[in-house]
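Single-structure report; data block below.
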Amino acid sequence: MPAAVRHDHRRPAPAVEGVCLDVDGTLVDYASSMRAGLRALLGTDDAWADWCAVSERHYPRFTSGQIDFETMRRQRTKEFFAIRGEVLDEGEVVAREQRRMTAVQRAWQLFDDALPCLRSLRARGLALAAVTNAAGEYQRCKLRALGLDAAFDVLVISDEVGVAKPDPGIFHAACTALGVRMARAVHVGDRLDLDAEGARAAGLHGVWLDRTRCGIAGRSPGVPVISQLRELPALVSQLHGGGG
């Protein structure tokens with residue numbers, strides 16, 4: 001007697017429907033523009049490590065809502081020069097910060113793989129969101145200047161929604177605005193902690209964009225790593241959303 005044919009009635013896992021992308025360091029070459037700002041102030045960017053250290057102390061105070069964006073910028077610049085031995089009055093702080101920001105804005109540029117990646121994701125019928133820890137008007141100005149303001153279905157900016165990565169709320173806000181379930185969304189960014197791990201904890205697929213290939217030891221198992229955005233569309237195609 002022939003063996004009974006067994007039919008598997010399980011439905012295939014649904015595909016990913018939406019992709020969220022970080023902006024600075026992911027789509028926009030943040031470091032290059034910030035280095036240009038330092039050169040405008042000092043004639044060199046040799047103090048880049050010091051600037052990054054000062055930023056790491058001040059920027060989280062902005063994203064957590066302790067201070068506003070303009071105050072953060074002024075306090076950061078004042079401390080940066082203080083550790084170099086210069087005590088600046090408020091007028092000089094404002095003048096130097098303005099000079100720095102003018103240079104930064106002139107140096108804004110996309111990574112070469114940003115637009116091809118976005119076009120490829122869009123061609124696959126995926127909904128797209130930009131999810132960024134930034135000041136609303138400042139980031140919108142940047143996206144307009146770089147021609148990205150119309151590239152996304154949704155812009156989710158921490159200053160406007162009241163929560164910042166890695167808080168699950170900002171990822172949930174993005175998925176809700178896109179009309180996509182968290183389990184069927186991917187978020188990619190250049191910060192392992194804020195982007196990839198934050199998104200994963202919120203229920204999305206978190207992807208780490210490690211452009212420097214630094215390969216942080218002890219990174220979360222199960223977090224996919226790419227070194228270029230051109231790798232993202234193929235990776236998204238391999239991922240499957242959750243059931244339900």
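Descriptive notes on the structure:
- Residues of region 169-199 satisfying the condition of being basic (Lys, Arg) and either closer than 13 Å to Val223 by Cβ or not assigned by TED's automatic domain parsing to the domain that holds Cys117 (or both): Arg191
- If you go through region 63-91 and keep only what is part of a helix (DSSP H, G or I), within 29 Å of Gly189 (Cα to Cα) and among the hydrophobic types (A, V, I, L, M, F, W, C), you end up with Phe69, Met72, Phe80.
- In the set (1) over 22 Å from Phe171 (Cβ atoms); (2) not in a helix (DSSP H, G or I), the condition left unmet by Val94 is number (2).
- Of the residues making up region 99-117, those that are closer than 21 Å to Cys52 by Cβ and either among the acidic types (Asp, Glu) or part of a helix (DSSP H, G or I) (or both) are Arg99, Arg100, Met101, Thr102, Ala103, Val104, Gln105, Arg106.
- Against the list (1) of a type in the set (A, V, I, L, M); (2) part of a loop (DSSP other than H, G, I, E, B); (3) at pLDDT 95 or above, the condition Ala4 fails is (3).
- For region 112-137, a residue qualifies if it is of a type in the set (S, T, N, Q) and either out of contact with any strand residue (DSSP E or B) (no Cβ under 6 Å at 6 or more places or on another chain) or modelled with pLDDT under 95 (or both), and the qualifying residues are Ser120, Asn133.
- In summary, strands (runs of 3 or more DSSP E) completely within region 118-215 and bearing 3 or more residues that are without any contact (Cβ under 8 Å) to a residue 40 or more places away in the chain and more than 20 Å from Ser237 (Cα to Cα) occur at 154-157.
- When region 20-58 is filtered for residues that are part of a loop (DSSP other than H, G, I, E, B) and surrounded by 14 or more Cβ atoms within 10 Å (Cβ to Cβ), the ones remaining, listed by number, are Asp22, Val23, Gly25, Thr26, Leu27, Asp29, Asp45, Ala47.
- Leading residue by the ranking (surrounded by the fewest Cβ atoms within 10 Å (Cβ to Cβ)) among those in region 65-110 that are closer than 25 Å to Leu146 by Cβ and aliphatic (A, V, I, L, M): Leu110
The values are calculated or read from the model by the stated rules, or taken from the named source; none is laboratory data. This one's a predicted model, so the numbers in the text were calculated from it and none came from an experiment. Reconstructed Cβ throughout: ideal geometry from the backbone, glycine too, with neighbour counts over all protein chains shown.
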